[in-house]
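Structure first, commentary second.
Bear in mind that the values in this text are calculations on the coordinates, not laboratory data. Being a predicted model, the structure only gives us computed values, none of them experimental. Every residue, glycine among them, receives a Cβ derived from its backbone with ideal geometry; neighbour counts consider all protein chains shown.
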């Protein structure tokens with residue numbers, strides 16, 4: 001077996017490991033962050049389970065750390081108290097980004113990790129089966145429920161050779177994106193093998209698995225080997241290590257071979273992570289802002305490389321350089337060894353250990369600015385400035401460009417700095433608060449911004465409504481539910497957020513949906529790519545959206561729609577997308593019967609009342625998902641089952 005199959009088999013609860021068939025797996029660990037966590041814990045509370053049943057569940061505060069009003073602080077207090085009550089560890093603001101901290105302090109090879117953040121696959125860098133999901137799926141897992149998914153295909157990514165100086169793990173994953181696109185990993189696990197794997201450190205591996213999310217992959221995974229052991233030993237967690245690898249005769253569904261020594265510095269151009277060019281092809285472009293950090297490139301070794309390159313240099317006068325170390329551990333070590341002083345002396349602005357610029361939480365670029373960032377997503381407007389041009393680069397390219405003032409190939413800087421993994425990391429977990437010994441005694445604190453989340457009802461016999469909006473291919477969850485600094489504080493207030501749903505595509509959509517009493521969304525390919533944010537399903541539900549007709553869906557968003565009782569229908573004929581117009585009245589007759597048939601592979605027929613035309617659609621669901629939709633969502637279904 002390959003490594004993915006081994007990890008799944010050891011956690012398999014139901015189903016057969018046949019690609020495309022529904023399986024369920026036991027979840028060992030969960031993580032949430034504050035942007036998605038409040039809703040996940042509200043849903044967990046609604047299940048009435050007193051204590052989480054996982055081996056380890058951790059609630060992180062890393063997204064909404066900019067406290068311009070009471071809202072974020074109230075959410076943090078709610079999460080801290082609900083975590084204490086229900087057996088969940090709480091990582092305080094300032095302790096760091098969930099994926100970086102979890103890799104350092106909690107992740108274990110061979111374990112399963114389900115996180116309410118799409119970049120949870122970072123854990124695959126140490127041999128975990130780490131998957132991003134919607135908050136409700138994570139809540140169910142915390143309650144001891146299995147996680148259901150379609151058995152993925154396994155794509156072998158064979159790495160040969162060794163990276164050349166100035167070429168990084170970021171360039172490796174950008175090369176994978178160049179070849180496969182943002183849709184290339186859908187329904188797959190990317191499993192990294194080959195002699196080249198041994199040359200990559202755990203932080204390098206984690207950078208690659210982190211951005212596997214941009215491929216649309218279910219997750220990505222590296223073997224757990226001597227490199228993994230050295231990392232865990234340096235973290236004082238040697239006992240957590242086990243050796244894991246694929247069998248020598250393992251079989252894969254697909255195979256990609258990448259020669260590490262043939263890669264050169266790459267850049268993802270606006271506005272997609274797969275719009276890849278060689279840095280050497282577009283050098284000389286003036287740069288206004290450089291942001292270094294995020295869960296992709298904020299490790300100790302990344303930051304030490306940045307410090308070495310900045311030492312004795314000065315940031316170009318036309319460039320704003322902002323740097324956010326990924327964890328308190330990293331920040332502590334930089335401060336202790338003097339590297340932080342080198343960074344500050346060069347003119348960098350030091351940010352809190354959090355997500356910050358990556359999610360548009362502060363440091364929005366100037367109008368039409370060029371911003372180089374070591375992040376994982378450069379969707380239009382995600383930075384907080386719609387007109388900004390955001391490029392994704394490695395830390396080495398970022399520093400070279402910040403000093404020069406123009407996009408610069410780092411290979412022009414001479415000899416590359418040699419930064420090695422420390423034998424011992426500084427261990428200080430004083431910002432991780434364990435749960436109360438007696439959860440019954442803890443009072444959960446709820447601020448006024450925490451509003452009830454919308455709940456669907458049992459599926460009616462007929463579903464009807466107008467087409468409320470028609471959007472193009474690759475609509476992201478940032479389009480569906482914007483997540484900028486002004487809106488992030490309202491993640492626990494879905495009624496407020498709903499007024500901004502899909503406004504980047506059409507500012508009139510929320511008002512139109514309300515006036516019509518709900519209806520349908522019409523979409524192109526890969527609808528809902530990007531973040532795991534459940535709010536991209538909750539806000540449409542709040543507005544009465546009954547279904548989405550699309551050419552195809554991103555995995556997590558499709559699951560979130562089903563979990564909230566919204567039909568994710570796929571056009572059989574692409575011309576039906578072309579023929580539908582805004583305001584058309586659509587009807588699904590005998591809806592429960594049609595949904596039951598869909599679980600057997602039958603088509604769901606949607607009638608365009610205006611033209612009388614029958615539109616055939618597919619609803620790719622299992623029998624369990626059929627029952628979820630009939631019940632009006634996963635929460636209703638879970639209560640019904642109990």
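Extending 7 Å from the Cα toward the beta-carbon at both residue 162 and residue 473 defines two label points whose distance is 4.1 nm. The distance separating the Cα centre of the stretch 97-132 from that of the stretch 1-52 comes to 12 Å. Sorting the segments 422-434, 497-509 by their mean number of nearby beta carbons within 10 angstrom, highest to lowest, gives 497-509, 422-434. Over all orientations, the stretch 185-238 has a Cα convex hull whose mean projected area works out to 3.8 square nanometres. Evaluate the Kirkwood expression for the hydrodynamic radius of the stretch 151-232, namely the inverse of the mean inverse distance over all pairs of different C-alpha atoms, and round to one decimal in Å. One decimal place: 12.8 Å for the Kirkwood radius.
Values [x] 3, 13, 18, 16, 12, 10, 9, 8, 6, 4, 2, 1, 0, 0, 0, 0; [y] 3, 17, 28, 28, 17, 6, 1, 0; [z] 3, 14, 23, 24, 19, 10, 5, 2, 0 are given for comparison; P(r) over Cα pairs in 10 Å bins from 0, in percent, derived from the coordinates here, is the one labelled [y].
The calculated P(r) of the stretch 267-412, using every Cα pair and 10 Å bins from 0, goes 13, 47, 34, 6 in percent. Normalised by 2.2 N^0.38 Å, with N the number of residues, the alpha-carbon radius of gyration of the stretch 556-613 equals 1.21. Each Cα pair under 8 Å and six or more residues apart adds its separation to the average, and for the chain the resulting relative contact order is 14 percent. Both radii are taken from the alpha-carbon atoms of the stretch 512-642; with Rh as the Kirkwood radius, Rg/Rh is 0.94. Relative contact order for the stretch 581-642: 27 percent, from Cα pairs under 8 Å spaced at least 6 residues apart, divided by residue count. Over the stretch 431-519, the Kirkwood radius and the radius of gyration, each from Cα atoms, give a ratio Rg/Rh of 1.11. Relative to the longest principal axis of the Cα atoms of the chain, the long axis of helix 34-47 makes an angle of roughly 40 degrees. Based on alpha-carbon atoms, the Kirkwood radius and the radius of gyration of the stretch 3-262 give Rg/Rh equal to 0.97. Scattering from the C-alpha atoms of the stretch 126-280 alone, worked out with Debye: what is log10 I(q)/I(0) at q = 0.17 1/Å? Normalising to I(0) and taking log10 leaves -1.07. Distance from the Cα centroid of the stretch 540-588 to that of the stretch 320-366 is 41 Å (rounded to whole angstrom). Relative to the first principal axis of the alpha-carbon coordinates of the chain, what is the inclination of helix 395-404, with its axis defined by its Cα atoms, in degrees from 0 to 90 and to the nearest 10? Relative to the chain, helix 395-404 is tipped by roughly 70 degrees. With one equal scatterer per alpha carbon and no solvent term, the Debye-computed log10 I(q)/I(0) for the stretch 74-132 at 0.17, 0.19, 0.27, 0.28 1/Å reads -0.61, -0.74, -1.11, -1.14.
With all projection directions averaged, the alpha carbon convex hull of the stretch 105-160 covers 4.9 nm².
Model label sites at residue 225 and residue 350, defined 7 Å from Cα along the beta-carbon direction, differ in position by 3.6 nm. Take every DSSP beta bridge whose two residues both sit in the stretch 463-641; close to 45 percent of them are antiparallel.
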